[in-house]
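A.B. asks: I'd like to ask some things about the structure below.
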Amino acid sequence: MSHKYVYLFSEGDGSMRELLGGKGANLAEMTKLGMPVPQGFTVTTEACTRYYEDGKVIAQEIQDQIYEYLAKIEEINGKKFGDPEKPLLVSVRSGARASMPGMMDTILNLGINDEVAEGLIKGNPDPSFARFVYDSYRRFIQMFSDVVMEVPKHNFEVIIDELKAKKGVKDDIELDVEDMKELVRLFKAYYKEQKGEDFPSDPRAQLMAAVQAVFRSWDNPRANVYRRMNDIPYSWGTAVNVQPMVFGNLNTNSGTGVAFSRDPATGENVLFGEYLINAQGEDVVAGIRTPSHISKLKEEMPEVYEQFVTIAKKLENHYKDMQDMEFTIENGKLYMLQTRNGKRTATAALKIAVDLVDEGLIDEETAVLRVDPKQLDALLHPQFDAAALKAAKVIGTGLAASPGAATGKVVFTADRAKELAEKGEKVILVRLETSPEDIEGMAAAQGILTVRGGMTSHAAVVARGMGTCCVSGCGEIKMHAEEGYFELGGKKYYEGDYISLDGSTGKIYDGEIKTVEASISGDFGRFMAWADKYRTLKVRTNADTPTDAATAVHFGAEGIGLCRTEHMFFEGDRIKAIREMIVSKTAEARAKALEKILPLQQKDFEEMYRVLEGRPMTIRFLDPPLHEFLPQKENEIKELADDLGISVDELKAVIDSLHEANPMMGHRGCRLAVTYPEIARMQTTAVISAAINVNKEHPEYNIVPEIMIPLVGEVKELKFVKDVVVETADKLIAEAGVKLEYMVGTMIEIPRAALTADEIAKEAEFFSFGTNDLTQMTFGFSRDDAGKFLDAYYDTKIYEFDPFAKLDQTGVGKLVEMAVNLGKATRPDIKLGICGEHGGDPSSVEFCHNVGLDYVSCSPYRVPLARLAAAQAAIKAKKA
């Protein structure tokens with residue numbers, strides 16, 4: 001017996017989603033529930049996988065099974081494919097196991113040709129019926145040409161518009177039967193002109209070509225992008241559903257519609273949807289005619305409406321979730337064509353989850369699993385007004401680096417952003433790429449747009465930390481910053497021109513779009529309390545300022561997993577002192593310069609400890625290469641040389657000496673403290689003194705400082721810096737006459753550190769995985785430049801996702817797991833966390849739970865997301 005590739009709807013059920021796809025499984029389940037579903041068959045996802053394995057060819061045994069099942073549905077429906085007397089027409093639809101609305105293709109009215117059309121009319125000479133037949137015929141030619149033969153659909157719309165203009169009518173519905181016949185003739189002629197052959201009239205050939213087109217659409221560009229955004233593996237493939245047509249465009253007693261069992265925007269428990277009389281499915285979606293609200297169906301067809309309400313309720317109770325349903329009414333009879341768990345806004349997702357618990361349909365654990373953690377992002381940031389967004393013009397697309405909506409005037413420098421923001425202006429900072437020096441301008445801007453850089457570029461990471469909207473890596477932009485403009489979407493934008501950014505989609509819009517503040521409903525607190533009840537993984541935040549720390553605590557952070565001390569050095573007088581230290585020739589001169597920074601750094605830590613109220617804080621010692629603190633522009637170099645009392649040439653010599661071919665792998669991290677131990681001494685003094693002072697004010701806080709040495713690759717390196725830290729800390733504690741515990745640990749971000757984690761754990765009391773750098777060094781490509789070539793890797797399926805946005809569990813994950821096991825073998829009580837941007841990615845959080853980390857740390861606005869992802873990971877692990 002050959003492998004089974006095709007199933008009748010009556011042979012499957014809702015549990016066969018992997019094989020039948022979401023649509024096929026749900027059609028089978030509705031059949032099982034005795035609902036009015038036109039009886040067809042599903043070609044499985046395995047057939048799609050085989051199609052690609054066989055070099056994009058449908059194997060003969062699969063074709064044979066399709067024809068065998070076609071004969072079965074002919075028998076069930078009492079109609080015959082291609083028969084002019086009693087013709088069977090079918091729809092061919094895609095159906096992956098994860099819902100991908102609008103990403104793949106559909107063909108309606110398949111099986112029609114000249115003979116079938118005439119045969120249909122012979123049985124019903126009514127002119128309105130003849131119009132319906134030729135309307136169905138022209139729709140089929142249009143869809144088949146577009147989806148199967150790749151002749152753009154739009155060109156057929158032009159032919160329709162020309163005919164309407166010629167007739168002097170406005171709507172398609174005003175075209176009569178002769179016009180429809182003329183459209184069929186014109187469409188076929190256009191097809192022949194484009195393809196050099198007649199439009200295919202053999203229904204069996206049409207069917208096989210359509211199945212192949214659906215398989216092919218699994219690999220179309222929009223489907224590939226959607227899969228990458230939603231973590232849907234390419235290997236899943238799509239199923240194909242072949243279903244007898246029911247006609248909503250038969251007469252005025254027919255119609256078609258889409259409805260949700262609850263409002264998908266608000267979550268309110270009311271039937272929400274719309275329908276069109278005398279229309280087919282695509283008319284509702286295409287927006288060519290304005291549909292009526294579903295409640296109006298109660299007046300027009302009361303019996304059908306009552307039947308639909310009953311079915312909607314039954315489906316929601318059966319699936320225990322809000323349903324998105326497609327239906328058609330043919331001559332007063334209702335047919336269900338699809339049901340699926342409906343897409344919904346973040347607000348609606350929370351309300352529906354909470355309401356379903358209150359209604360007794362689901363328990364708390366199920367409710368926690370129902371909300372996509374990524375959706376919570378949308379709740380915490382301003383959004384565009386829906387009506388204003390509809391009318392807006394998209395001019396380009398970049399990476400959706402930090403969510404939220406922003407509108408403002410274009411500025412090209414951080415200083416200008418700050419200057420205009422101080423005057424109360426809303427600005428969008430547009431840069432080739434951002435650097436740490438832009439921090440104040442970034443904080444002042446409503447949104448940030450960069451030409452270069454990926455999801456973990458400086459702009460993206462900092463923007464997420466601040467909760468500022470950011471679109472990064474928009475390579476379409478032609479930047480002319482010196483001339484004061486950039487080009488995008490065929491237009492020049494100068495300083496002061498308005499643009500708008502959607503950081504949740506990566507879209508860039510022309511002009512100003514009204515925004516509305518995000519509102520967190522009462523459901524949010526209740527829902528997050530459930531998440532906290534079930535998770536075991538702690539959630540900390542990456543924060544460098546008291547403001548960021550306070551925001552994160554407000555969102556439920558249980559401490560700081562990464563405080564980057566270098567971000568504190570870029571403000572006002574501090575940068576001068578740092579620069580003075582860098583150009584110093586002796587250890588004494590360096591120590592003197594560092595003394596100026598010490599009180600400022602200590603004050604920062606004291607403020608952070610007060611905001612945290614006893615929650616832990618991991619402080620990473622200085623990490624970036626020193627050249628990042630020095631100016632690059634001629635006028636700034638001269639200004640600094642004058643400030644420091646040295647010649648321009650002397651300063652240039654220092655800048656040149658710090659130049660590195662590959663600074664990310666150069667003189668940075670713990671290497672700075674090995675070369676200049678005085679930096680580690682100053683930072684230890686600031687941390688320990690701050691802890692002593694705040695513990696005196698608030699003994700109940702019982703602060704235990706966590707000092708983290710970055711970029712360690714060799715245990716001796718760590719020991720060298722740790723010895724400096726311990727000597728300094730112990731001396732300060734003894735002098736203060738207090739008891740203070742502290743911990744010294746390291747970041748695991750170099751592959752060698754992961755491989756020798758058992759050795760490193762002899763000195764390190766905790767590990768924090770810096771997965772941004774660990775990913776960069778494991779893959780061997782720069783995170784700031786990878787965006788230039790990763791698209792080619794996605795297109796060729798070498799990678800299916802950005803390894804900087806979602807943790808590569810196969811390679812980088814293996815190193816993390818190895819380091820966890822080796823570290824625990826040496827030091828069973830070692831504390832383990834992750835502080836790269838992956839700490840806010842749901843699939844990466846699940847991985848962290850499964851390998852036994854104690855906490856994840858992410859940017860403040862992603863804390864609720866990580867809390868929910870951690871809860872889902874714990875619930876899934878318990879159920880596995």
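The values are calculated or read from the model by the stated rules, or taken from the named source; none is laboratory data. All values reported here derive from a predicted model rather than from experimental measurement. Glycine also receives a Cβ, built like all others from the backbone with ideal geometry; neighbour counts cover every protein chain displayed. For accessibility, only protein heavy atoms count, side chains too; no ligands or nucleic acids. Shrake-Rupley method; radii C 1.70, N 1.55, O 1.52, S 1.80 Å.
A.B. asks: At 222 nm, what value in deg cm²/dmol follows for the chain if DSSP H runs of at least 4 each add -39500 (n - 2.57) and the sum is divided by all its residues, to the nearest 500? It would help to have the intermediate numbers written out before the result.
C.D. replies: On the way: 35 runs with 416 residues, N = 880.
That calculation yields -14500 deg cm²/dmol at 222 nm.
A.B. asks: On to the next question. Gap in Å between the Cα centre of segment 137-211 and the Cα centre of segment 291-350?
C.D. replies: Their Cα centres are 31 Å away from one another.
A.B. asks: Let me have the relative contact order for segment 563-620, percent, based on Cα pairs under 8 Å that are six or more residues apart. Show your work: numbers first, answer last.
C.D. replies: Values: 34 pairs, mean separation 24.5, N = 58.
It rounds to 42 percent for segment 563-620.
A.B. asks: Of Ile692, Ile703, His480, whose Cα points farthest to the positive end of the dipole of the chain (charges on the beta-carbon: +1 Lys, Arg; -1 Asp, Glu; origin at the Cα centre)?
C.D. replies: Ile703
A.B. asks: Please give the net charge around Gly119, taking every other residue with its beta carbon less than 13 angstrom from that of Gly119, where Lys and Arg add +1 and Asp and Glu add -1.
C.D. replies: Numbers: positive: Lys79, Lys80, Lys86, Lys122; negative: Asp83, Glu85, Asp114, Glu115, Glu118.
For residues surrounding Gly119, the net value is -1.
A.B. asks: Spelling out what I want: for every residue of segment 604-620, take phi, set θ = phi - 60°, compute 6.51 cos²θ - 1.76 cosθ + 1.60 (Karplus), and round to whole Hz; glycine and proline get x.
C.D. replies: In residue order, the calculated couplings are 4, 5, 4, 4, 5, 4, 5, 5, 6, 6, x, 6, x, 9, 9, 9, 8 Hz.
A.B. asks: Let me ask another. With a Cα-only, solvent-free Debye model of segment 201-322, what are the log10 I(q)/I(0) values at q = 0.17 Å⁻¹?
C.D. replies: -1.13
A.B. asks: While we're looking at this one, here's another question. Run through the DSSP bridge list for segment 1-155 and note the antiparallel percent, rounded to the nearest 5. Don't skip to the answer; put the middle values down first.
C.D. replies: Details: 6 of 8 bridges.
So the antiparallel bridges amount to about 75 percent of the total.
A.B. asks: Extension gain Glu440-Tyr234, at 0.36 nm per residue separation less the Cα-Cα distance, in nm?
C.D. replies: Numbers: separation 206, 0.36 × 206 = 74.16 nm, distance 4.17 nm.
Once the chain is fully extended between Glu440 and Tyr234, it gains 70.0 nm.
A.B. asks: While we're here: Give me the accessible area per residue for segment 113-230, probe 1.4 Å, as a whole number in Å².
C.D. replies: Values: 5640 Å² over 118 residues.
Result: 48 Å² of accessible area for each residue.
A.B. asks: Another question about this same structure. How far apart, in nanometres, would the label points at Glu299 and Asn821 be if each is projected 7 angstrom from Cα along the Cα-to-Cβ direction?
C.D. replies: Going by the 7 Å Cα→Cβ label model, 7.0 nm.
A.B. asks: Among the lysines, select those whose C-alpha is under 16 Å from the C-alpha of Lys538, and discard any that sit fewer than 8 residues away in the same chain.
C.D. replies: Lys831
A.B. asks: Could you please report the charge total around Val214, scoring K, R as +1 and D, E as -1 over all other residues with beta-carbon less than 12 angstrom from its beta-carbon?
C.D. replies: On the way: positive: Lys23, Arg93, Arg216; negative: Asp105, Asp219.
Here the charged neighbours net out to +1.
A.B. asks: Subtract the Cα-Cα distance of Glu595 and Lys32 from 0.36 nm times their separation in residues, and report this length gain in nm to one decimal. Intermediate results must be reported in sequence, preceding the final value.
C.D. replies: Working: separation 563, 0.36 × 563 = 202.68 nm, distance 7.73 nm.
Once the chain is fully extended between Glu595 and Lys32, it gains 195.0 nm.
A.B. asks: Under the Kirkwood approximation for Rh and a Cα-based Rg, what ratio Rg/Rh is obtained for the chain? If you can, show how the numbers build up before the last one.
C.D. replies: Working: Rg = 31.8 Å, Rh = 30.6 Å.
Ratio of gyration radius to Kirkwood radius: 1.04.
A.B. asks: Note down the Stokes-Einstein diffusion coefficient of segment 563-693 in µm²/s, whole number, using a Kirkwood radius over alpha carbon pairs, 37 °C, and 0.692 mPa s.
C.D. replies: Taking Rh from Cα pairs, D becomes 211 µm²/s.
A.B. asks: Same structure again: When ligands, DNA and RNA are left out and all protein chains stay put, how many square angstrom of accessible area per residue does segment 713-831 have with a 1.4 Å probe? Intermediate values should be presented prior to the final figure.
C.D. replies: Working: 5500 Å² over 119 residues.
Normalised by residue count, the accessible surface of segment 713-831 is 46 Å².
A.B. asks: A further question on this structure: Within the chain, what percent of beta bridges assigned by DSSP are antiparallel, to the nearest 5? Provide the component values of the computation, followed by the final result.
C.D. replies: Numbers: 62 of 99 bridges.
Expressed as a percentage, antiparallel bridges in the chain total about 65.
A.B. asks: Run the reach check for Lys333 against lysines, Cα to Cα strictly under 25 Å, same-chain hits fewer than 8 apart removed. What comes back?
C.D. replies: Once the sequence-local lysines are set aside, what remains near Lys333 is Lys23, Lys32, Lys72, Lys79, Lys80, Lys86, Lys122, Lys296, Lys298, Lys313, Lys314.
A.B. asks: Using R₀ = 60 Å, calculate the FRET efficiency as 1/(1 + (r/R₀)^6) where r is the Cβ-Cβ separation of Phe129 and Val726; round to 0.05. Mind dumping the intermediate values first?
C.D. replies: Working: r = 91 Å, r/R0 = 1.52.
The pair Phe129/Val726 has a calculated efficiency of 0.10.
A.B. asks: Using amide H atoms built 1.01 Å from N in the peptide plane, name the residues 5+ places from Val151, or on other chains, whose amide H lies under 5 Å from its own.
C.D. replies: Long-range HN contacts for Val151: Asp146.
A.B. asks: Moving on to the next point. Can you tell me the FRET efficiency between Glu700 and Arg752 if r is taken as the Cβ-Cβ distance and R0 is 41 Å, rounded to the nearest 0.05?
C.D. replies: Working: r = 42 Å, r/R0 = 1.02.
Approximately 0.50, to the nearest 0.05.
A.B. asks: A further question follows. Checking the cross-link filter: which lysines have an alpha carbon closer than 17 Å to that of Lys806, excluding same-chain neighbours under 8 positions apart?
C.D. replies: Correct list for Lys806: Lys374, Lys797, Lys814.
A.B. asks: Within the set of other residues whose C-beta is less than 15 Å from the C-beta of Lys86, count the net charge using Lys and Arg as +1 and Asp and Glu as -1.
C.D. replies: Working: positive: Lys79, Lys80, Lys122; negative: Glu74, Glu75, Asp83, Glu85, Glu115, Glu118.
Overall, the nearby charge balance is -3.
A.B. asks: Okay, moving on. With the other protein chains left in place, how much accessible area per residue, in square angstrom, belongs to segment 550-604 at a 1.4 angstrom probe? Numbers along the way, then the final one.
C.D. replies: On the way: 2310 Å² over 55 residues.
Ligands and nucleic acids excluded, the result is 42 Å² per residue.
A.B. asks: If you roll a 1.4 angstrom probe over the protein chains with everything in place, what fraction of the accessible area of segment 173-228 belongs to carbon and sulfur, to the nearest %?
C.D. replies: Numbers: 1280 of 2610 Å².
Within segment 173-228, the accessible surface is 49 percent carbon and sulfur.
A.B. asks: Out of residues 5 or more away from Gly396 or on other chains, whose amide H comes under 5 Å of its own, with H placed 1.01 Å from N in the peptide plane?
C.D. replies: Those lying under 5 Å, H to H, from Gly396 are Ile508.
A.B. asks: A follow-up question, please. Could you grab the relative contact order for segment 78-224? Cα pairs under 8 Å, six or more apart, rounded to a whole percent. Don't skip to the end; give the middle numbers.
C.D. replies: Values: 182 pairs, mean separation 43.5, N = 147.
Reported relative contact order: 30 percent.
A.B. asks: Return the sequence-ordered ³J(HN,Hα) values of segment 190-207 in whole Hz as given by the Karplus equation 6.51 cos²θ - 1.76 cosθ + 1.60 applied to θ = phi - 60°, using x for Gly and Pro.
C.D. replies: Each residue's phi maps through the Karplus curve to give 5, 4, 5, 4, 6, 9, x, 8, 5, 5, x, 10, 7, x, 5, 5, 4, 4 Hz.
A.B. asks: Could you let me know the centre-to-centre spacing of segment 53-92 and segment 477-526, using Cα atoms, in angstrom?
C.D. replies: 50 Å
A.B. asks: Restricting to Cα pairs below 8 Å that are 6+ residues apart, what does the relative contact order work out to for the chain? Please round to a whole percent. Spell out each step's value before the answer.
C.D. replies: Values: 1777 pairs, mean separation 81.0, N = 880.
Here the relative contact order equals 9 percent.
A.B. asks: Based on the Cβ-Cβ distance of Phe789 and Thr505, what FRET efficiency does E = 1/(1 + (r/R0)^6) give at R0 = 25 Å, to the nearest 0.05?
C.D. replies: Working: r = 23 Å, r/R0 = 0.93.
Efficiency at R0 = 25 Å is approximately 0.60.
A.B. asks: Between 0 and 90 degrees, rounded to the nearest ten: what's the tilt of helix 346-358 against the longest Cα principal axis of the chain?
C.D. replies: With both axes taken from Cα atoms, the answer is about 80 degrees.
A.B. asks: Along segment 655-671, what does the Karplus equation 6.51 cos²θ - 1.76 cosθ + 1.60 (θ = phi - 60°) give for ³J(HN,Hα), rounded to whole Hz, x for Gly and Pro?
C.D. replies: 4, 4, 5, 8, 5, 10, 5, 9, x, 5, 10, x, 7, 8, x, 5, 5
A.B. asks: Run the numbers for Lys4 and Ala387: contour at 0.36 nm per residue of separation, minus the present Cα-Cα distance, in nm. Walk me through the intermediate numbers first.
C.D. replies: Values: separation 383, 0.36 × 383 = 137.88 nm, distance 4.88 nm.
So the extension gain works out to 133.0 nm.
A.B. asks: Okay, moving on. Got a sec? Which residues in segment 601-640 would a label at Glu735 touch, if it sits 7 Å along Cα→Cβ and we count backbone N under 19 Å?
C.D. replies: Hits in segment 601-640 for Glu735 at 19 Å: 601-606.
A.B. asks: I want to check a number: in segment 126-222, how many lysine pairs have alpha carbons closer than 15 Å, given a sequence separation of 8 or more or different chains? Display every interim value, and only then the final one.
C.D. replies: Details: Lys153/Lys188; Lys153/Lys192; Lys153/Lys195; Lys164/Lys181; Lys167/Lys181.
Taking the Cα cut-off of 15 Å, the pair count is 5.
A.B. asks: List the residues whose amide H sits under 5 Å from the amide H of Met743, counting only those 5 or more places along or on another chain, with H placed 1.01 Å from N in the peptide plane.
C.D. replies: Glu706, Ile707
A.B. asks: On the principal axes of its Cα set, how long, how wide and how thick is segment 635-791? Give whole Å, largest value first.
C.D. replies: Rounded to whole Å, the extents work out to 50, 46, 29 Å.
A.B. asks: If you don't mind, there's one more thing I want to ask. Kindly rank 508-516, 743-751, 833-841 from highest to lowest mean number of other beta carbons found within 10 Å of each residue.
C.D. replies: The peptides rank, most packed first, as 833-841, 743-751, 508-516.
A.B. asks: Tell me the label-point distance for the pair Ile173, Asp64, using the 7 Å Cα-to-Cβ offset, in nm and rounded to one decimal.
C.D. replies: Spacing of the two 7 Å Cα→Cβ label points: 5.0 nm.
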